[in-house]
Amino acid sequence: MVATVRLGTDDNVNAVDFERVSFTYPDSDSPVLDEATLSLPEGAFVLVTGATGAGKSTFIRAVNGLVPHFSGGEFSGRVTIHSRSTLDFAPRALADLVAFVPQDPAAAFVVDRVEDEIAYSLENLGVDRAVMRRRVEETLDALNVESLRDRSVRTLSGGEQQRVAIAAALAPGPRVLLLDEPTSQLDPQGAEDVLAALQRLVHDIGITVVLAEHRLERVAGFVDLAVGLRRGEAPVTGEPAEVLDAVDSGPPVTRLGRLVGWRPPPLTVREARRMAHGMHLTAPPQLEVASPGRPLLAARRLRAGYGHAQVLDGVDVHLAEGEIVALMGRNGAGKTTLLRCLAGLHRPESGHVEIDSGHPVPGRNVALCPQRPESVLFAETVAGEVAATLKAVGGPGTVNDSMDALDIAHLHDRHPRDLSAGQRLLVALAAIGAVDAPVLLLDEPTRGLDRDSKTRLVGFLRGWAQRGRGVMLATHDVELAAEVATRVVMIASGEVIAEGEPGHVLGDSPVFAPQMGRVFGAGWLTPEQVARSMMVTSDARDDGRARTTS
Amino acid sequence: MHPGAWLLWALSAGFVAISTTNPFYLLPLLGVAWVVHAACHRSGPQARSWRIFLIFGVLTICTRTALVVFLPDIQLGSVVEAALEGLRLAVLLTVFGTYNTVSDPFGVLRLAPRRFHEPALAAALALSIAPRTIAAVSTVREAQRLRGIEIGRFRSLPALAVPVLETGMEEAVVLAESMDARGHGRGRRTRYRPERWSRRSSTVALASAAAVAVVVWALLRADPSLAMSAFPITWPRVSPVVLAAVLVLSLPAWLPQSASERTTT
């Protein structure tokens, strides 16, 4: 990096200042940001949190002036970034100070080749060619994407795209880096790597990182400041533990802390482990699964790929009535391809798929919620969306049943495109679920979902399985898998490498273990489970004490 | 290969296509477009878009012919004439399709002098819309099929069109935001590792120029083989020189990629 003389870089310098900032989108009558006043110090690692639709994306975009320069709408107040006001400087005039990675990095790529994409900002900023060469190499190494340099950005996997997008943002050496849900497409290890790389930048070169994220279990241990957003209320800024306590239910360890009365509730696995020290739990509970019912889906020796690239290499999977199976594995392990084969969208090279003793017929005996569920929404209202499916399949259900299953009846007359990403997913799921097929497949269904929406999703999946049907979901969200799955299938390089109860398969994996497993040992999955066991043990101890005293 | 050489190739092939209605020139040119696409296309979803351009081409032939068929006092000659006009447009479309699959439109953008940066950007964005839309169409079709809505009937058109257009709009906004946030349009601009003009680029550029020169020469001479007569319908003659000019455009497919050229797979 070129050494620059920074004037006034004492500890009191703020990277970002919001002064009484209010913002209302065009065509909306309530403000997203209302009189927000806060400061983010230089060199902080900041988490922006809040329920879905609370204005996290808006907040992030306001920092570099995309709001209001690109969004339109009513803006008042003042945002300054290293003492440049976004009202006086357009986003491009701030490009040397602040970089931005949007939620869907694929849509934001400008050039075709990875290396050129990373050089793009440098070219725009007029950086000298010799310096540019060095910067590009440094950035390729910093995000570990050197091996991808000659690839086309369109052929990368989701995780690779995310890393390249961050590298492209970092190349010009910004002082502030903004990221909108940077780990939503990454597997646990990939997320860990990206967050560790960001932390290194914060520590080594003092850049300020501001990220919006729902998967708190991933980020809580890295951040040192949090901004909590609530629609129509002033934002809270402070220690992550306090802010999460105020606006969010927090990661599983925090929820456990709240359930069993630890004050203050822990934020990370390490803190929870310290607080749980000396506690004795009964053996982890066995999963209560009614013996699997009638088999619904069976795939044998599936081999599939695209052109020369072999993706699946002899996969056997099955699904029975009442089961919820979580497919897990690295980015690019073949989960999506497997789901596509099971749904009858992709022709396997060999092997075969049987659903309900027949071929898979999409929209009849199998439904699939794709990775971008927005791609199905076309109706004017949420109710119309569900009605369209019911009309097409001639199903027995009603519009209200389908909406009640996901608790979205209050969105009845809203336009699907006006909803937040999380709400859209629930609407798409209601529309797809109305197919009422025996097998429901979901590809990464937790992008943009807050805790509350995730609870609805879990309730919906359980309800589906209890009605004698089956669910198979591909996910990177280990906490969701721990909460809802009755069985976990782990895939690596196109083969099934492990299969069984979530407690066993996830329990002792250093990468895939849920937070409860990390604190209390293999077999523990959810905070509710642990809290119940703690009650039981403390009751038993009390009983014992009562007996000795009497 | 240098994006400038590809642009030159596409312009030359397009020029040859619109200069003739002779099927014995047009069909070989269609073959040339296919061979070049097959040998040189980049990896990624845009490679699939070639087929769509071909389908559009065939549709063009059909509609042009169909329009004439429904005229009163129909003559065989006018049908043939319309079909040949259609073929000419179809070949032009396929050439454009090949250009789209072999070269990155943004590569040309980077060559544009700074003064023309804005119009070149608009052109590059417009060029990238076709492959993006095509990718979106297949995603949405599939997704709707999975909820039981078969796209095919006229009534189900909104189920395809609305998500494709909405997603396209949203993506365009994200792209514009991203470009602005990354400093696009600031004054001074430098260039990172300019694409090298290889010997292969020179050879292709020379061949393209030669093909154009031959066709211009034929046009100036009013070479009768360029147009096929429909009144009366006669088999057109073929000038070996012009046919050679058409075939020489397939050169990019036969020249090996040199090791110094960076791959994009």
Scope the stretch B:179-206; condition more than 22 Å from residue A:108 (Cα to Cα), of a type in the set (Gly, Ala, Ser) and in a helix (DSSP H, G or I); matching residues: B:201, B:202, B:205
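If you check residue A:125 against the conditions, is it at the interface with chain B (Cβ under 9 Å from one of its Cβ atoms) and either touching a residue at least 40 places away in the same chain (Cβ under 8 Å) or more than 22 Å from the chain's Cα centre (by Cα) (or both)?
On the way: at the interface with chain B (Cβ under 9 Å from one of its Cβ atoms): yes; either touching a residue at least 40 places away in the same chain (Cβ under 8 Å) or more than 22 Å from the chain's Cα centre (by Cα) (or both): yes.
Yes, satisfied.
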Conditions (1) in contact with a Gly (Cβ under 9 Å, 6 or more places away or on another chain); (2) hydroxyl-bearing (Ser, Thr, Tyr); (3) surrounded by fewer than 22 Cβ atoms within 10 Å (Cβ to Cβ); number of the one not met by residue A:80: (1)
Among the candidates A:429, A:441, residue that is in a helix (DSSP H, G or I) and either farther than 24 Å from residue A:48 by Cβ or more than 10 Å from every other protein chain (Cβ to nearest Cβ) (or both): A:429
Test for residue B:104: is it more than 26 Å from the chain's Cα centre (by Cα) and either at positive phi or facing another protein chain (nearest Cβ under 10 Å) (or both): no
Total residues in the stretch B:158-172, condition out of contact with any Ser or Thr (no Cβ under 6 Å at 6 or more places or on another chain) and either charged (D, E, K, R) or at the interface with chain A (Cβ under 7 Å from one of its Cβ atoms) (or both): 7
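Quick check on this structure: which one of B:218, B:244, B:209 is buried (at least 16 other Cβ atoms within 10 Å of the Cβ) and part of a helix (DSSP H, G or I)?
Values: B:244 fails: buried (at least 16 other Cβ atoms within 10 Å of the Cβ); B:209 fails: buried (at least 16 other Cβ atoms within 10 Å of the Cβ).
Answer to the selection: B:218.
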From the options A:347, A:364, residue that is in contact with a Cys (Cβ under 9 Å, 6 or more places away or on another chain), within 25 Å of residue A:474 (Cβ to Cβ), within 14 Å of chain B (Cβ to nearest Cβ) and among the basic types (Lys, Arg): A:347
Meets criteria (at the interface with another protein chain (Cβ under 9 Å from one of its Cβ atoms), closer than 17 Å to residue A:389 by Cα and out of contact with any Asp or Glu (no Cβ under 7 Å at 6 or more places or on another chain)) for residue B:143: yes
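Within the stretch B:74-115, which residues are aliphatic (A, V, I, L, M) and free of Cβ contacts under 8 Å to residues at least 24 places away in the same chain? Give the derivation first.
Restricting attention to the stretch B:74-115, the residues satisfying the condition of being aliphatic (A, V, I, L, M) are B:74, B:76, B:79-80, B:82-84, B:87, B:89-93, B:95, B:102, B:108-109, B:111-112.
Once the filter is applied, which keeps residues that are aliphatic (A, V, I, L, M) and free of Cβ contacts under 8 Å to residues at least 24 places away in the same chain, the stretch B:74-115 yields B:74, B:79, B:82, B:83, B:109, B:112.
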Count of residues meeting criterion [surrounded by fewer than 18 Cβ atoms within 10 Å (Cβ to Cβ), under 22 Å from residue A:377 (Cα atoms) and modelled with pLDDT of 75 or more] in the stretch B:116-134: 1
Residue A:131 vs. criteria crowded, with 23+ Cβ neighbours inside 10 Å and more than 7 Å from chain B (Cβ to nearest Cβ): no
Every residue from the stretch B:176-208 that is of a type outside the set (Gly, Ala, Ser) and at the interface with chain A (Cβ under 7 Å from one of its Cβ atoms): B:177, B:179, B:180, B:182, B:184, B:186, B:188, B:189, B:190, B:191, B:192
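If you take the residues of the stretch A:99-113 that are assigned to a helix (DSSP H, G or I) and more than 7 Å from every other protein chain (Cβ to nearest Cβ), which of them is surrounded by the fewest Cβ atoms within 10 Å (Cβ to Cβ)? Lay out the reasoning, then the answer.
Our first condition is that a residue be assigned to a helix (DSSP H, G or I); within the stretch A:99-113, this holds for A:105-108.
With the extra rule that they be more than 7 Å from every other protein chain (Cβ to nearest Cβ), the set shrinks to A:105-106.
Numbers: A:105: 26, A:106: 17.
Out of the qualifying residues, it is A:106.
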Residue that is nearest to the chain's Cα centre (by Cα), among those in the stretch A:38-57 that are surrounded by fewer than 24 Cβ atoms within 10 Å (Cβ to Cβ) and of a type in the set (Ser, Thr, Tyr): A:52
Within the stretch A:392-413, considering residues that are of a type outside the set (A, V, I, L, M), buried (at least 16 other Cβ atoms within 10 Å of the Cβ) and assigned to a loop (DSSP other than H, G, I, E, B), the one modelled with the lowest pLDDT: A:395
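Tell me the residue from A:116, A:96 that is within 11 Å of chain B (Cβ to nearest Cβ), more than 19 Å from residue A:198 (Cβ to Cβ) and either part of a loop (DSSP other than H, G, I, E, B) or among the hydrophobic types (A, V, I, L, M, F, W, C) (or both), please. Give the steps one after another, and end with the answer.
On the way: A:116 fails: either part of a loop (DSSP other than H, G, I, E, B) or among the hydrophobic types (A, V, I, L, M, F, W, C) (or both).
Every option except A:96 fails the conditions.
The values are calculated or read from the model by the stated rules, or taken from the named source; none is laboratory data. Because the structure is predicted, anything quoted here is derived from the model rather than measured. Positions of Cβ are generated from backbone atoms using ideal geometry, with glycine treated the same way; all protein chains shown enter the neighbour counts.
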